[in-house]
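The values are calculated or read from the model by the stated rules, or taken from the named source; none is laboratory data. All of these numbers come straight from a predicted model, not from anything done at the bench. Neighbour counts run over all protein chains shown; Cβ positions are idealised from the backbone, glycine included.
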């Protein structure tokens, strides 16, 4: 039997909170929460053991789901799973959820969950490559890098410096579930990140546009951390100087540089290839 959501008035204080969580990084940090949108992402979150605090459902989408296939509809099944996991289910009148979502085509539900981060010390001490985002501003690139990190077998991702919010809606969508499964560290002081990585015995590699070693010419099988920099300027010279080695991906002479997400993925998968071969 499908759960029955509780109707919520359009002027309820909960909606104001939901709007802030969707649109403002400061609100997400202060509340220690983030937003998950859509049945697919929510199903992945539940499978990853993410605790769902509240789930907001569009009333019309809910009704249409029953019209299509009753209790077997994936939308209804997802809502039922969230309710079984302890989430409070709220129903919103037609159009309210659309005004809160930051997507062009809202998917009929928004879930609120606690941010899940780990400590830099524990991540640095674990076995496997670590990816470090330094001043990566675009949430699409950040989420893509998290997804690539999981696919390549990295053990976690550090959001350092002035990088975008690891749990912003666009980052969550671009990561396609990887953000919910991979350990994430948030540390605004990049120097602290590099210091901790070195203290844990990791070799810190800085991706640079030129004058670095080719990834396939570097031993990437040991404990390493891969640093990728901002889209506009790359890594700061001081950050590069504090790394153990610069790594440059060979490209055709007519291409100045690669997108940060592509560059990070290339090095990550080269490390994966070497670890498999070893």
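For the reader, a short list of remarks on this structure follows.
- Residues that are more than 21 Å from the chain's Cα centre (by Cα) and without any contact (Cβ under 8 Å) to a residue 24 or more places away in the chain do not occur anywhere in the stretch 173-194.
- Residue within the stretch 30-43 that is closer than 28 Å to residue 162 by Cβ, outside the structural domain of residue 137 (by TED's automatic domain parsing), part of a helix (DSSP H, G or I) and in contact (Cβ under 8 Å) with a residue 40 or more places away in the chain present: yes
- Tallying residues that are more than 14 Å from residue 170 (Cβ to Cβ) and either surrounded by fewer than 14 Cβ atoms within 10 Å (Cβ to Cβ) or in contact with a helix residue (DSSP H, G or I) (Cβ under 7 Å, 6 or more places away or on another chain) (or both) within the stretch 16-36 yields 10.
- Filtered residue count, the stretch 5-27, keeping only those that are in contact (Cβ under 8 Å) with a residue 40 or more places away in the chain and either in a strand (DSSP E or B) or closer than 24 Å to residue 95 by Cβ (or both): 12
- Within the stretch 232-256, the residues that satisfy the criterion of being assigned to a loop (DSSP other than H, G, I, E, B) and crowded, with 16+ Cβ neighbours inside 10 Å are 235, 236, 243, 248, 249.
- Of all residues in the stretch 1-40, those satisfying the criterion of being touching a strand residue (DSSP E or B) at 6+ places or on another chain (Cβ under 8 Å) and within 17 Å of residue 184 (Cβ to Cβ) are 28, 32, 33, 34, 35, 36.
- As for the stretch 203-226, it holds no residue that is in contact with a helix residue (DSSP H, G or I) (Cβ under 9 Å, 6 or more places away or on another chain), modelled with pLDDT under 95 and on the phi > 0 side of the Ramachandran plot.
- Note on the stretch 257-278: among residues that are under 20 Å from residue 124 (Cβ atoms) and surrounded by fewer than 19 Cβ atoms within 10 Å (Cβ to Cβ), the one that is nearest to the chain's Cα centre (by Cα) is 272.
- Considering the stretch 98-115, the residues that are within 18 Å of residue 88 (Cα to Cα) and crowded, with 19+ Cβ neighbours inside 10 Å include one that is nearest to the chain's Cα centre (by Cα), namely 113.
- Strands (runs of 3 or more DSSP E) contained in the stretch 77-178 and holding at least 1 residues within 26 Å of residue 12 (Cα to Cα) and in contact with a strand residue (DSSP E or B) (Cβ under 7 Å, 6 or more places away or on another chain): 88-92, 109-114
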